[in-house]
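Below is one structure, written out as structure tokens, with a few remarks after it.
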Amino acid sequence: MAPLLFRHNRPGRCVTFDEYRSGGGFTALTRALQELSPLDVQQLVMDSKLRGRGGAGFPTGLKWSFVPRNLPGPRWLICNCDEMEPGTYKDRVLLEANPYSLVEGITLASYALGVRHAFIFIRRGYESAAENLRRAVAEARGAALLGENILGSSFSCDIDIHVSAGRYICGEETALINALEGKRANPRAKPPFPAVKGLWGGPTVVNNVETLANIPDIVANGPDWFRSLAATPDSSGTKLFCVSGPVRNSSCFELPLGTTLGEIIDGPCGGMLAGREFKACLPGGASTPYFTKEHFSVPMDFDSVAKAGSRLGTGGIVVFHRDICMVRATLNLIRFYARESCGWCTPCREGLPFVREILERLEAGKGETGDIELLREHVKYLNYAFCALAPGAMGPVDGLLRHFEDEILEHITGRRCPFERRG
């Protein structure tokens, strides 16, 4: 398959503004402003069946349709580039190679939504990506592709870049909105939803980098073409899969949405490193339940992965080999989530540290058989947290209980980690 999001990439460097334009860049924006109404653009995205690439997989066009057209005052678009999910780095790779697709995608989305001012909320530490974006925004503005009366039309829009304070909770859309307003980054109660009352009280849409970068190609080539790129009939487009762990080629790959897990591991990843055997993976980032080799035939699309008991999430595939202790791996993840909890609600604030303590007891050889049931209860109870952080954090625990309960029992009956003497 010819790359879509990666087709402008240049080996070892960022594509230039002139190279992006000569490769068809900003033709979709030109077409939209000359031939399409805002509702036409929104309908194209709706018909494309593009689903959000930031983790939740919500239909993008449907999300846009929730924004009321008759409310007075400004409305806002925020691009979420606060990529702090462990094992996920696709947005960084995309922006370090090509920031222009995102700038064009944001401008098209702003046109569809009636937004005059958009923001890119980018993770602290993504200095190279942020610098690329600043340059791309300035170049687009200088070419009349941003700012007042874009390309001589009546549509005006500009983009600001905001660097995150650096907490995982900022990736939750309402916590992100609070952070952008200069407040403590706690999630907000819903309703009202951001589409009605978000940034500074105005209608707001929050979309992921990869999601918005797809918009120019949908507008340029049409929804039927975009749907045809997927490997499964109910999916659409391509997906960026970022793979890490003991594989021969750990990198970020653009593949048809619905490519099976086995095809990813044995194909562009080149299989496992010599002497390593596949044991498990997080299929969609650190907040997703584990898959095992039994899941190699699962198409990596939103519905198929959910049916198999996990989530596609961000598409961040973290691979574990045979000699990795899955209790220890899960403990490592829970330590991260317990630390990153904003402390706003009791299930997350108190529940995650308690789960961490249970896993620490098991690792220390001090666990009891009742700890297994305690973990199962917390997988259920932490679903009642204020936002998705705690339920997501329990994803690996859920996978541990379903696929590796035997390892938990070995910790209890053997009074030690059964993998501690292995490589």
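Some points to look at:
- Evaluated over the Cα positions of segment 1-90, the convex hull gives a direction-averaged projected area, one quarter of its surface, of 8.9 nm².
- For segment 272-325, the relative contact order comes to 45 percent (Cα pairs under 8 Å, sequence separation of at least 6).
- Dividing the Cα radius of gyration of segment 229-321 by its Kirkwood radius returns 0.93 for Rg/Rh.
- Seen from Tyr337, the other residues with C-beta closer than 11 Å to its C-beta sum to a net charge of +1, counting Lys and Arg as +1 and Asp and Glu as -1.
- Charge dipole of segment 326-414 (Cα centre as origin; +1 on each Lys and Arg Cβ, -1 on each Asp and Glu Cβ, all else neutral): 340 debye, rounded to the nearest 20.
- Label-point gap, in nm, between Thr30 and Ala138 - each point 7 angstrom along Cα→Cβ: 2.5
- Dipole magnitude (debye, nearest 20) for the chain, charges at Cβ of Lys, Arg, Asp, Glu: 540
- Axis angle, to the nearest 10 degrees, between helix 38-48 and the longest C-alpha principal axis of the chain: 40 degrees.
- In a fully extended conformation the segment linking Glu19 and Glu405 would gain 133.6 nm over its present Cα-Cα distance, using 0.36 nm per residue.
- Straight-line cross-link partners of Lys239 among the lysines, defined as a Cα under 22 Å from its Cα and at least 8 positions apart when in the same chain: Lys49, Lys63, Lys90, Lys293, Lys307.
- 12 Å beta-carbon shell around Ser287, net charge (K/R +1, D/E -1): -3
- Segment 190-331: relative contact order in percent, alpha carbon pairs under 8 Å with at least 6 residues between: 20
- Contour excess over end-to-end distance, with Cα ends at Arg10 and Phe66 and 0.36 nm allotted per residue: 16.4 nm
- Here the average projected area of the convex hull drawn through the C-alpha atoms of segment 295-375 stands at 7.1 nm².
- Each Cα pair under 8 Å and six or more residues apart adds its sequence gap; the mean of these over the residue count of the chain is a relative contact order of 16 percent.
- Environment charge at Ala28 (Cβ cut-off 9 Å; Lys +1, Arg +1, Asp -1, Glu -1): -1
- Net length available on complete extension from Ser153 to Glu181 is 7.0 nm, with 0.36 nm assigned per residue and the Cα-Cα distance removed.
- At an R0 of 35 angstrom, the distance between the Cβ atoms of Lys190 and Ala306 translates into a FRET efficiency of 0.95.
- Using the alpha carbons alone, the radius of gyration of segment 132-207 stands to its Kirkwood radius in an Rg to Rh ratio of 1.07.
- Taking the square roots of 5 times each eigenvalue of the Cα gyration tensor of segment 17-227, largest first, gives ellipsoid semi-axes of 24, 20, 17 Å.
- Applying 1/(1 + (r/R0)^6) with r as the Cβ-Cβ distance of Arg339 and Arg124 and R0 = 22 angstrom yields a FRET efficiency of 0.85.
- For Asn208, the residues whose amide H sits under 5 Å from its own are Arg53, Gly54, Asn80, ignoring neighbours fewer than 5 places away on the same chain, with H placed 1.01 Å from N.
Readers should treat all values here as calculations from the given coordinates under stated rules, not as data from a laboratory. Only a predicted model underlies this, so the values are computations on that prediction, with no experimental measurement involved. Cβ coordinates were reconstructed from backbone atoms using ideal geometry, including for glycine residues, and neighbour counts include every protein chain displayed.
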